[in-house]
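Taken together, the values in this text are just the output of simple stated rules run on the coordinates, not laboratory data. Note that the structure is predicted; figures quoted are calculated from it, not measured. Virtual Cβ from ideal backbone geometry, glycine too; neighbours counted across all protein chains shown.
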């Protein structure tokens, strides 16, 4: 079986640049914490991309930094959900 590309399956890919498409100053956990939180990023960027593409890559470069609350609400929650679906999330 192996890699889908080796089998002739066309896989769609999406690259999301946090700094270019979302903000250079991400922070906070919940939408109520401000406009550029992990929850906002997850709901407006990650979930739609995961529904529409086979592979999603998130470029974390170019921001002023990340708080753990941002990652906890966005990336970690995706990883937890995908683990339940037996999908692979590479960190």
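I need 75, 10 ordered by Cβ neighbour count within 10 Å, fewest first.
Listing 75, 10 from fewest to most nearby Cβ atoms yields 10, 75.
By count of other Cβ within 10 Å, fewest leading, how are 31, 11 ordered?
Exposure proxy ranking, most exposed first: 11, 31.
May I ask you to sort 13, 20 by Cβ crowding, counting other Cβ atoms within 10 Å and putting the fewest first?
So the ranking, lowest neighbour count to highest, is 13, 20.
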